[in-house]
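S.K.: Structure below; questions to follow.
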Amino acid sequence: MPGVRKASHAGSWYEGVQTKLSRSIKDWMRLAQADIEPEASLKAIIGPHAGYSYCGAVMAHAYAGIDPASVRRVFLLGPSHHVYTTKCMLSPNSVYGTPLGDIPIDAQVYDELKATGKFATARASDDEEEHSLEMHCPFLAERLKEQDFTLVPIIVGATSPSSEEEYGRILRPYLEEPGTLFVVSSDFCHWGSRFQYTRYDPKEGPIYKSIEALDRAGMEAIETGDPAVFHQYLAKTQNTICGRHPICILLQALKGSSLQAQINFTSYAQSSACDSPSGSSVSYASALITV
């Protein structure tokens, strides 16, 4: 029988004690809310998925935009880091566990997605190993703790532009439904020899400034709302944005919808200010998509 997807990264990537985790998220949210107002018209957010000590403040700038009263269902799309597939994968479980409480997976929507024949089901071990979805669930549990909501977790594989268009078409009707929020999980540039990516433009100054210029060009491409523009950017720069496929699926869903969406990035940070070729860093960004 399907069971609970365990919070396998609790206690390592983020605090595993309920009271401490809740307090940390509340503190980040309090700071973010000084800059971000909740938006009833919010349809989607983009946020990172690293350890909270690195990206918690950036994640909060996405979650601060959520009006909890307007959310009844959350689609959570994140990249597959451990299993290669060209498809999107669904969890084999019925509940997503967090230290802040369990979140029920939407069985009806899962059945509808399975009926399309385009979604695979992940193995339980692979589902629990993947962190890109899990890192968002405590923020969802805390932000929506006064609401009853269901979760539709989707692990996105190495999709092609044509399959992204197809997945966008499948998910579009859900995106257009009132009460549905899409959350896309993505870090931005992974820079350094350990990531096999060391693009550097000296005209921008130190390495970390070059990385920021690279990332901000990517954000601008996403803000156009045109997946073709983002694909062109990726082809040109090869920027190691790990959630590029989920982002493209969201852009495809928005592109063909009746929604007039505005995409605005709200926060950006790097794990370290890399200034040496021997160094490395990962970038984090958050965005709000309103209609």
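S.K.: A273 is checked against (1) touching a Phe, Trp or Tyr at 6+ places or on another chain (Cβ under 6 Å); (2) part of a loop (DSSP other than H, G, I, E, B); (3) open to solvent by less than 40 Å² (accessible area, probe 1.4 Å) and fails just one. What number does that condition carry?
M.R.: Every listed condition holds for A273 apart from (3).
S.K.: Right, here's the next one. Just to be sure I understand, how many residues within region 27-60 are closer than 16 Å to A141 by Cα, outside any loop (DSSP other than H, G, I, E, B) and under 15 Å from the mean Cα position of the chain (by Cα)?
M.R.: 6
S.K.: Turning to a different aspect of this structure: In region 169-205, which residues are under 21 Å from H136 (Cα atoms) and small (G, A, S)?
M.R.: Those that are under 21 Å from H136 (Cα atoms) and small (G, A, S): G179, S185, S186.
S.K.: List every residue pair whose Cβ atoms sit under 9 Å apart, with the two residues 6 or more apart in sequence or on different chains, where the first one lies in region 172-199 and is in contact (Cβ under 8 Å) with a residue 12 or more places away in the chain and under 15 Å from S281 (Cα atoms) and the second, anywhere, is of a type in the set (F, W, Y) and surrounded by fewer than 24 Cβ atoms within 10 Å (Cβ to Cβ).
M.R.: Going by the 9 Å Cβ cut-off, the qualifying pairs are F188/Y268; C189/F195; C189/Y197; H190/Y197; W191/Y197; W191/Y200; W191/Y208.
S.K.: Please go through (1) under 25 Å from T86 (Cα atoms); (2) over 14 Å from the mean Cα position of the chain (by Cα); (3) of a type in the set (A, V, I, L, M) for I222 and return the number of the only condition it doesn't satisfy.
M.R.: I222 satisfies all of (1) under 25 Å from T86 (Cα atoms); (2) over 14 Å from the mean Cα position of the chain (by Cα); (3) of a type in the set (A, V, I, L, M) except (2).
S.K.: Now, a different point. Among the residues of region 94-108 satisfying the criterion of being part of a loop (DSSP other than H, G, I, E, B) and open to solvent by less than 20 Å² (accessible area, probe 1.4 Å), which is farthest from H131 (Cα to Cα)?
M.R.: Looking at the filtered set, the residue picked out is D106.
Rundown of residues vs (1) buried (at least 16 other Cβ atoms within 10 Å of the Cβ); (2) within 28 Å of Y54 (Cβ to Cβ); (3) modelled with pLDDT of 95 or more, yes/no style:
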{"residue": "A115", "(1), (2), (3)": "no, no, yes"}
{"residue": "P153", "(1), (2), (3)": "yes, yes, yes"}
{"residue": "D187", "(1), (2), (3)": "yes, yes, yes"}
{"residue": "G205", "(1), (2), (3)": "no, yes, yes"}
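S.K.: Can you list residue pairs whose Cβ atoms sit under 6 Å apart, with the first residue in region 206-232 being under 23 Å from P161 (Cβ atoms) and in contact (Cβ under 8 Å) with a residue 40 or more places away in the chain and the second being of a type in the set (F, W, Y) and open to solvent by 10 Å² or more (accessible area, probe 1.4 Å)? Count only pairs 6 or more apart in sequence or on different chains.
M.R.: Matching pairs, first to second residue: M219/F265.
S.K.: Quick one: in region 9-66, which of the residues that are touching a residue at least 40 places away in the same chain (Cβ under 8 Å), touching a helix residue (DSSP H, G or I) at 6+ places or on another chain (Cβ under 6 Å) and aromatic (F, W, Y) is surrounded by the fewest Cβ atoms within 10 Å (Cβ to Cβ)?
M.R.: Of everything passing the filter in region 9-66, Y14 is surrounded by the fewest Cβ atoms within 10 Å (Cβ to Cβ).
S.K.: Can you tell me how many residues within region 69-93 are more than 18 Å from the chain's Cα centre (by Cα), open to solvent by less than 30 Å² (accessible area, probe 1.4 Å) and not β-branched (V, I, T)?
M.R.: 1
S.K.: So which of Q238, Q252 ends up being open to solvent by 40 Å² or more (accessible area, probe 1.4 Å), at pLDDT 95 or above, closer than 20 Å to P79 by Cβ and of a type in the set (S, T, N, Q)?
M.R.: Result of the check over Q238, Q252: Q238.
The values are calculated or read from the model by the stated rules, or taken from the named source; none is laboratory data. This is a predicted model, so every value here is computed, not measured. Backbone-built Cβ (ideal geometry, glycine too); neighbour counts: all protein chains shown. What goes into the accessible areas is simple: the full protein's heavy atoms, side chains included, and nothing from ligands, DNA or RNA. Shrake-Rupley method; radii C 1.70, N 1.55, O 1.52, S 1.80 Å.
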